[in-house]
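The values are calculated or read from the model by the stated rules, or taken from the named source; none is laboratory data. Note that the structure is predicted; figures quoted are calculated from it, not measured. Here the Cβ is made from the backbone with ideal geometry for all residues, glycine too, and neighbour counts use every protein chain on show. Just so you know, the surface numbers come from the protein's heavy atoms only, side chains and all, with ligands and any DNA or RNA stripped out. Shrake-Rupley method; radii C 1.70, N 1.55, O 1.52, S 1.80 Å.
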Amino acid sequence: KLPGFIIKATLRIELIGAVLLGICFIRDMGFFDGMRYGIFHSVSAFCNAGFDLMGVNAQYSSLTSYARHPLVNLIIMALIITGGIGFLTWEDITTNRHHLHAYRMQSKVILSTTFILILLPALFFYFCEFSRAEWAHLPLGERALAALFQSVTPRTAGFNTVNLAEFSETSQFLIIILMLVGGSPGSTAGGMKTTTLAVLFFSAMSVFRRRETIRCFGRRIELDTVRNASAILVLYIILFLAGGLAISWIEDLPALTCLFESASAIGTVGLTLGI
């Protein structure tokens, strides 16, 4: 039952995304190329792959030429999020609809964590990053769209609508964190996974509150789950730091830039600062 649901849902979502993107691209590329580009980028976005064909506009441009196109931005973001929350979560959504109490605990954790990891960075990018003089040429609506897109895409999707090399170091470091976290288990995304972050958060909260048990949405989290989450975090941090610092030392490049590339690689994201 589940494999059939996954196959059908994937094909339907990618087909809808391909048609909508194709309609947007036809204006610039003609019917056949527009639909071809629509299919390619729909699959790439849903699978959180991040490959694009936009080098025909400018080398390594990604979706920067469509930064002012709301529909392209919203469709790509919807595909990224849909692919990144996992198929079991989608089964919960289609089965239980608005009856949130009937959802699996994992689905509740994934949806709430995903919402927070999109909302808070988007607010930071909008009010802090895009308030800098470097982005004064962007209209308010485009800033909001760019802030939201740059909040969604580090979750292993790999697209970008603005030049990330022009971001402040603070914003680049925030993107590094988002790339390391990644998507959710059972999804098309990579990274440590949202559930790993959530387990560690609830574990820390239990320590702060001096509680012996770790609880989440009324359910107890086993200690083995916390140990696994801690081990995954340590492994990712070691590989991330070792890779980034090694590149910085060998190539004599800025450490933060190399750590960005290292996080992008380990999270299978594909974003780059152009080094």
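Odds and ends about this structure:
- Of the residues making up segment 116-152, those that are of a type outside the set (A, V, I, L, M, F, W, C) and open to solvent by less than 20 Å² (accessible area, probe 1.4 Å) are Pro121, Glu129, Gln150, Ser151.
- Note on segment 43-65: residues that are within 14 Å of Val162 (Cα to Cα) and either of a type in the set (Gly, Ala, Ser) or crowded, with 22+ Cβ neighbours inside 10 Å (or both) total 4.
- Scanning segment 153-163 for residues that are open to solvent by 10 Å² or more (accessible area, probe 1.4 Å) and among the polar types (S, T, N, Q) yields Asn160, Asn163.
- Looking only at segment 196-228, and only at residues there that are out of contact with any helix residue (DSSP H, G or I) (no Cβ under 9 Å at 6 or more places or on another chain) and either within 23 Å of Met179 (Cβ to Cβ) or in a strand (DSSP E or B) (or both), the one that is most open to solvent (accessible area, probe 1.4 Å): Arg220
- Leading residue by the ranking (farthest from Ile81 (Cα to Cα)) among those in segment 116-145 that are part of a helix (DSSP H, G or I) and of a type in the set (D, E, K, R): Glu134
- Of the criteria (1) under 21 Å from the mean Cα position of the chain (by Cα); (2) surrounded by fewer than 17 Cβ atoms within 10 Å (Cβ to Cβ), which one Ile13 fails: (2)
- Test for Met77: is it closer than 21 Å to Pro185 by Cα and in contact with a strand residue (DSSP E or B) (Cβ under 7 Å, 6 or more places away or on another chain): no
- Qualifying positions in segment 87-115 - part of a helix (DSSP H, G or I) and either open to solvent by 90 Å² or more (accessible area, probe 1.4 Å) or touching a His at 6+ places or on another chain (Cβ under 8 Å) (or both): Thr95, Leu100, His101, Phe115
- Some residue of segment 229-242 being among the hydroxyl-bearing types (Ser, Thr, Tyr), on the phi > 0 side of the Ramachandran plot and open to solvent by 40 Å² or more (accessible area, probe 1.4 Å): no
- Per-region count, segment 229-252, residues out of contact with any helix residue (DSSP H, G or I) (no Cβ under 7 Å at 6 or more places or on another chain) and among the aliphatic types (A, V, I, L, M): 9
- Residue count, segment 66-77 (criterion: open to solvent by 50 Å² or more (accessible area, probe 1.4 Å) and under 14 Å from Leu21 (Cβ atoms)): 3
- Filter result for Ile175 (buried (at least 19 other Cβ atoms within 10 Å of the Cβ), farther than 23 Å from Leu88 by Cβ and β-branched (Val, Ile, Thr)): yes
- Residue match in segment 146-160 (condition: in a helix (DSSP H, G or I), in contact (Cβ under 8 Å) with a residue 40 or more places away in the chain and more than 24 Å from Ser65 (Cβ to Cβ)): no
- Looking only at segment 243-255, and only at residues there that are open to solvent by 40 Å² or more (accessible area, probe 1.4 Å) and in a helix (DSSP H, G or I), the one that is nearest to Phe51 (Cα to Cα): Ile247
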